[in-house]
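A quick write-up on the structure given underneath.
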Amino acid sequence: MHILIIYATVEGQTRKIARAMEDHLQSLGHAVSCCNAIDAPPSPENFDLVLLGGSVHIGHYATALKHYILANKAAIEARPNAFFSVCLHILSGEPKAMEEAMDITRQFTDACQWTPKRVEQIAGALKYVEYDFFKRFMMKQIVKREGGSTDTTQDHEYTDWARVKLFCDEMVALAEKGVGVK
Ligand SMILES: Cc1cc2nc3c(=O)[nH]c(=O)nc-3n(C[C@H](O)[C@H](O)[C@H](O)COP(=O)(O)O)c2cc1C
């Protein structure tokens, strides 16, 4: 199967997740193209499955991702597809937090006039060491509510890598069954 992964990242965690998906899918024998949305990624036309992902920053995703989806909407919708959202809002594991995370994703996909066949919420990372003073302070206040660590002396990664692989496996299974093909 030919699989296209397009991602948008600010601090690198979504790229790390997209690359982990690429590695896993390649290990299963698939041909995978993994591209940053800002690097003129290929059209979905020659692919059997399309996975698009971005991180949430102040309730929004990267504009480059929106532009890519708007420009390639018909080709994305013509094949099995999914959106993976990387954020910290879901850290508490509370159903309400998951609903709010889904609402943020829905606002974005609605603005792209696209209904993904599947949406996956993936916990990201706190890069305290990389943040400037203002970001570090702001994120510390935010994660006090979300349930993340307030230890700013180190980074904290919350991504569930087993779940990332399972998401890929489930999407491949759907694509093999032809689910999501018009
Ligand atoms: C300035 C800033 C704003 C953020 N805003 C949100 C937010 O509104 N909701 C959320 O769930 N996570 C938010 N996050 C957490 C990021 O989604 C998380 O750190 C993610 O791993 C970033 O992925 P990236 O490195 O691929 O950009 C924010 C992080 C930063 C640094």
Measure off 7 Å from each Cα along the Cα-to-Cβ vector at Lys177 and Asp160, then give the distance between these two points in nanometres to one decimal.
2.1
With x for Gly and Pro, the residue-by-residue ³J(HN,Hα) of the range 94-106, computed from phi through the Karplus equation 6.51 cos²θ - 1.76 cosθ + 1.60 at θ = phi - 60° and given in whole Hz, is 6, x, 4, 5, 5, 4, 5, 5, 5, 4, 4, 5, 4
Over the chain, how many percent of alpha carbon pairs lie in each 5 Å bin up to the one with the longest distance?
1, 8, 17, 21, 20, 15, 9, 5, 2, 0
Between Ile38, Ile58, Ile17, which gets the highest mean-square fluctuation from a Gaussian network model of the chain, Cα cutoff 10 Å?
Ile58
Environment charge at Leu174 (Cβ cut-off 9 Å; Lys +1, Arg +1, Asp -1, Glu -1):
+1
Would you look at the GNM of the chain, springs on alpha carbons closer than 10 Å, and say which of Arg145, Arg106, Arg118 moves the most?
Arg145
Long-range tail of P(r) for the range 137-182 (Cα pairs > 12 Å, %)
72
Alpha-carbon centroids, the range 111-182 and the range 19-98: separation in whole Å:
11
Those lysines that a straight Cα-Cα span of less than 26 Å connects to Lys144, excepting residues fewer than 8 apart in one chain
Lys16, Lys96, Lys127, Lys135
Dipole in debye (nearest 20) - the chain, about Cα centre, beta carbon charges: Lys, Arg +1; Asp, Glu -1:
240
Selection from Leu51, His89, Thr105, by position along the positive dipole direction of the range 1-111 (Cβ):
Leu51
Cut-off 20 Å, label 7 Å out along Cα→Cβ of Glu94, residues of the range 153-170 by amide N:
158
For Phe84, the residues 5 or more places away or on another chain with a placed amide H closer than 5 Å to its own amide H are Leu52, Gly53, Gly54, Glu120
If you build a Gaussian network model of the chain, linking Cα atoms that sit under 10 Å apart, which residue out of Lys73, Lys127, Lys135 swings the most?
Lys135
Could you derive backbone 3J(HN,Hα) for the range 30-37 from the dihedral phi with the Karplus parameters 6.51, -1.76 and 1.60 (θ = phi - 60°), listing whole Hz in sequence and x where the residue is Gly or Pro?
8, 8, 10, 10, 10, 9, 6, 4
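Any read-out appearing in this document is the output of simple, stated calculations on the displayed coordinates, not a laboratory observation. Please read all numbers here as calculations on a predicted model, not as lab measurements. We place every Cβ from the backbone using ideal geometry, glycine too, and count neighbours over all the protein chains shown.
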